[in-house]
């Protein structure tokens with residue numbers, strides 16, 4: 001019975017992309033959400049059925065023949081039912097919350113700091129050895145099974161970090177540091193998105209989440225810790241030089257180069273990401289060129305200005321960025 | 001009953017002064033001057049109430065048009081129909097218009113129109129304040145909409161979180177117009193709330209003890225108290241915001257020792273009660289309709305009243321459930337979860353009592369009853385999803401998604417707008433003297449009901465699939481596209497239903513069947529007078545002996561009030577025993593002029609802090625002349641002796 005009921009909401013959602021679905025259950029939080037939601041659906045479903053049944057009877061069925069005493073008895077029963085239901089749901093909700101807080105507390109967590117800005121996510125993997133810390137943007141790679149402690153800060157307005165497939169959301173508030181604990185339990189690609197309205201481009205503030213095996217994660221971490229490769233040929237070198245000598249380098253950082261701006265996303269390994277412009281465009285050469293040439297056309301109001309360049313220069317910069325794997 | 005021991009030379013209503021002669025004198029005393037002057041100076045709660053209702057419905061239509069534009073934009077992924085900037089203004093305007101310019105005012109408007117009639121008095125208390133309130137509300141609404149049409153509409157969401165709404169991230173004047181709209185509507189709403197409390201507590205017909213008050217009036221009383229206790233919080237919040245923006249205070253600036261979360265606490269301490277401010281009058285409509293069409297008092301009256309009061313009290317203990325994701329202490333959340341869930345108890349009990357009333361009688365299924373049935377079917381879903389979002393682990397996923405959008409439209413449209421449309425159909429004959437068309441009424445109900453569910457039911461699933469609210473567009477391939485298209489189609493079906501409802505309303509104004517005093521055979525006092533009521537409401541003040549006065553064998557009256565001056569009888573708070581006679585103010589142009597002066601001050605203060613100094617002068621002059629004492633031998637209170 002329980003299993004059958006579980007299928008009801010899932011069946012309704014079947015056939016849809018689960019990348020950003022709460023019922024995906026790819027993290028412990030989302031898994032608990034499914035369990036708790038099922039309980040709530042059963043209790044509220046019974047209540048709703050009772051109301052509809054009573055309403056139908058009252059409008060078209062036989063009249064009450066028991067007078068006021070019968071109504072009073074029913075009212076007492078109904079009140080009792082509501083009270084029991086509420087106590088059950090409040091208790092279950094409280095226990096579920098406690099369970100989520102305890103989950104994974106026996107394992108060493110991965111520590112990640114998130115800095116949200118209009119309209120992108122700065123990500124820093126913290127390590128006790130600062131030289132091993134890692135900076136990236138708009139993407140999270142997480143090893144499956146290991147708890148992640150996210151420290152949440154906002155640089156401008158309130159944002160909310162939310163990976164529906166893994167866990168509930170938590171706000172990033174200027175002047176406060178919040179934290180969010182996530183335990184990913186299933187390997188896959190997911191999508192997160194800002195959940196608190198944060199201004200003009202709130203709709204385009206997403207990020208990619210990759211949950212992978214500990215080995216794959218370690219390999220990714222190692223690759224990301226490398227500085228950017230030196231430009232290999234003159235075309236790429238021209239792109240590199242343009243980047244370093246123009247406004248690009250004022251806002252963006254590329255490891256191993258003079259560019260160390262922090263007002264925009266770190267681009268050291270931008271070409272290894274799945275998307276650009278905070279989950280707005282796929283990481284392809286065409287999208288990259290379109291974005292660089294006209295950021296305001298893709299994402300009106302984005303903080304990135306169009307930097308004047310010739311078509312050749314645009315090709316060169318795109319070629320250079322493409323080497324930043 | 002008569003009041004005796006009065007000077008014999010003053011004409012008073014009674015057996016010796018009745019019929020057409022009494023009507024002539026009372027109409028002279030309580031009527032307005034003809035023409036434009038009368039229209040501008042009136043303090044008649046029925047004229048002001050009608051204008052309030054008419055204006056609020058106008059804003060409902062404007063807000064609805066914005067909703068349709070949003071639905072068109074969201075009908076397909078990556079739509080470029082409107083820009084991000086316009087969309088953000090539109091959803092802010094939709095929320096602000098619906099909450100501040102439609103929902104709260106329309107409920108108060110029905111209170112202004114109906115409460116004095118239902119408690120059996122000649123006028124609302126503080127009638128000039130009432131007129132002032134309307135003009136101020138109208139000016140505030142016009143200000144916001146003119147700003148929007150000139151592309152300075154707010155784009156910060158209807159709850160305007162700081163620091164996004166602060167000086168750094170919302171330069172220009174958009175956010176100021178929003179914050180000042182709050183000031184306008186709060187002053188207007190507080191004024192009405194005070195009038196309603198005073199009218200209900202002191203002007204009830206003799207004999208209408210607290211346990212004989214119609215449930216709608218109880219709903220309005222609780223609502224008015226909630227307005228009085230909750231609105232100051234948001235007025236404070238928006239004043240802080242304005243001063244942060246205008247004179248560089250730092251209330252909400254974390255880097256200068258302020259707090260971004262302070263705004264949320266203050267706003268939601270108002271914002272959650274606000275939902276019940278909209279919804280309790282809706283419950284009152286339902287109680288009135290159910291009682292009439294079941295020809296039976298609503299089952300368990302004391303429990304119904306207790307449920308209203310409980311809801312009003314609990315409403316102040318739940319604001320934190322809007323802030324579960326802000327990182328407040330986790331254990332403290334448990335209290336707000338329990339408080340939020342416990343709202344289900346009074347709501348569930350009331351639902352039971354209405355259905356039990358129907359079951360224990362033979363309900364006549366006229367159009368208002370269809371709206372009540374639609375209300376129960378719809379609102380209960382909203383209430384149950386409300387139980388879900390009260391749970392912290394569920395809310396952390398559901399918060400700020402389309403699931404929430406679905407949830408609050410089920411509670412607000414299902415819980416307040418459906419009863420409102422039923423109430424319009426129900427009281428239309430009282431207000432206009434004509435019945436609304438029956439068949440068109442049912443067709444309109446069908447379209448609105450079906451369109452509503454087609455729009456908002458899919459949003460639960462759009463939300464579960466991860467679509468956040470307040471996004472101007474979304475990518476394809478997320479599983480949201482078909483659901484969004486369905487919602488858009490539903491929105492237009494619902495809009496068609498609203499158009500049919502209004503067409504019925506307009507047609508019935510001229511062609512509807514003549515209603516008579518009490519077309520539905522209702523029990524409460526507003527049906528004891530003519531339809532539409534005369535300016536003085538009742539020729540003789542009714543005396544109440546039961547909870548359902550018009551279902552008694554006869555309606556005794558209380559006579560002896562002066563007829564050549566506006567005079568009311570005040571009664572005691574609990575027992576409604578006649579206490580004193582009290583004069584009631586006459587028409588005046590000063591409420592309008594004071595409202596215009598206040599409007600000048602409010603709008604000017606968007607641009608300069610000096611407005612508070614220089615702008616206060618015209619306001620002071622207007623208020624002084626409004627309250628200028630007039631020496632008249634007839635303005636003192638006189639004890640009533642039975």
The correct pair for the stretch B:154-207, radius of gyration to one decimal and Dmax as a whole number, both in Å and from Cα atoms, is 18.0, 59
Below 8 Å between Cα atoms, with a sequence gap of 6+, how large is the relative contact order for the stretch B:118-182 in percent? 33
The Cα extents of the stretch B:40-188 along the principal axes, largest first and rounded to whole Å, are 57, 34, 24
Treating only the Cα positions of the stretch B:386-427 as identical point scatterers, give the base-10 log of I(q)/I(0) from the Debye formula at each q in 0.18, 0.19, 0.20, 0.23 Å⁻¹. -0.56, -0.59, -0.62, -0.71
Convert 4 °C to kelvin, take the viscosity as 1.567 mPa s, use the Kirkwood radius over C-alpha pairs of the stretch B:289-384 as Rh, and evaluate the Stokes-Einstein diffusion coefficient in µm²/s, rounded to a whole number. 86
Going by the alpha-carbon gyration tensor, a ≥ b ≥ c the square roots of its eigenvalues, is chain A rounded (a/c under 1.5) or, if a/c is not under 1.5, prolate (a/b greater than b/c) versus oblate? prolate
Per residue of A:87-93, what is the mean number of Cβ atoms on other protein chains within 10 angstrom of that residue's Cβ? 5
Under the rule rounded for a/c under 1.5, else prolate if a/b exceeds b/c, else oblate, using alpha carbon gyration tensor axes a ≥ b ≥ c, the stretch B:306-352 is classed as prolate
From Cα coordinates alone, what are the radius of gyration and Dmax values for the stretch B:26-92 in angstrom? 20.6, 65
Grab the DSSP H runs of chain B that are 4 residues or longer, score each as -39,500 (n - 2.57), total them, divide by all residues and round the 222 nm result to the nearest 500 deg cm²/dmol. -20500 deg cm²/dmol
Length gained when the stretch residue B:627-residue B:76 is fully extended (0.36 nm per residue, less Cα-Cα span): 192.6 nm
Using Cα pairs closer than 8 Å and at least 6 residues apart in sequence, work out the relative contact order for the stretch A:234-322, in percent. 34
Distribution output for the stretch B:363-506: share of Cα-Cα pairs per 5 Å bin in percent, first bin at 0, values 2, 10, 17, 20, 16, 13, 9, 7, 4, 2, 0, 0
Taking the alpha-carbon centre of each part, the distance from the stretch B:71-97 to the stretch B:491-536 in Å is 35
Cα Rg, Dmax (largest Cα-Cα span) when computed across the stretch B:214-285, Å: 15.8, 53
Count, for each residue of A:28-35, the Cβ atoms from other chains sitting within 10 Å of its Cβ, then give me the mean as a whole number. 2
Considering only C-alpha atoms, what is the centroid distance from the stretch B:159-195 to the stretch B:23-54, in Å? 32
Please compute, for peptide A:54-64, the average count of beta-carbon atoms on other protein chains lying within 10 Å of each residue's beta-carbon. 5
Here the relative contact order (percent) of the stretch B:65-192, from C-alpha pairs under 8 Å and at least 6 apart, is 32
Normalised radius of gyration for the stretch A:60-192, please: alpha carbon Rg relative to 2.2 N^0.38 Å, two decimal places. 1.67
Using only Cα atoms, what Kirkwood radius does the protein assembly as shown have, in angstroms? 30.4
So what's the convex hull volume per residue for the Cα atoms of the stretch A:70-117, in Å³? 77
Net lengthening on full extension, residue B:262/residue B:198 (0.36 nm per residue, minus Cα-Cα): 19.7 nm
With springs only between Cα atoms under 10 Å, which of A:86, A:53, A:152 fluctuates most in a Gaussian network model of chain A? A:53
Note to self, chain A gives a 222 nm [θ] from helices alone (DSSP H runs n ≥ 4, -39500 (n - 2.57) apiece, / all residues, nearest 500) of -13500 deg cm²/dmol
Roughly how many whole Å is it from the C-alpha centroid of the stretch B:326-397 to that of the stretch A:152-181? 30
Two decimals, Cα atoms only, Kirkwood Rh: what is Rg/Rh over the stretch A:27-102? 1.17
Please work out, to two decimal places, the log10 of the ratio I(q)/I(0) at q = 0.16, 0.19, 0.24 Å⁻¹ from a Debye calculation in which every Cα of the stretch A:224-325 carries one identical scatterer. -0.62, -0.92, -1.61
Can you work out D for chain B in µm² s⁻¹ from Stokes-Einstein, where Rh is the Kirkwood radius over C-alpha pairs, the temperature is 10 °C and the viscosity is 1.306 mPa s? 62
When 1/r is averaged over all different Cα pairs and the result inverted, which Kirkwood radius in Å belongs to the stretch B:181-252? 14.0
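Bear in mind these aren't lab numbers, they're just calculated from the coordinates by the rules spelled out. Because the structure is a prediction, the values reported are computed rather than measured. For neighbour counting, all protein chains shown are included, and Cβ atoms are generated from backbone atoms with ideal geometry for every residue, glycine included.
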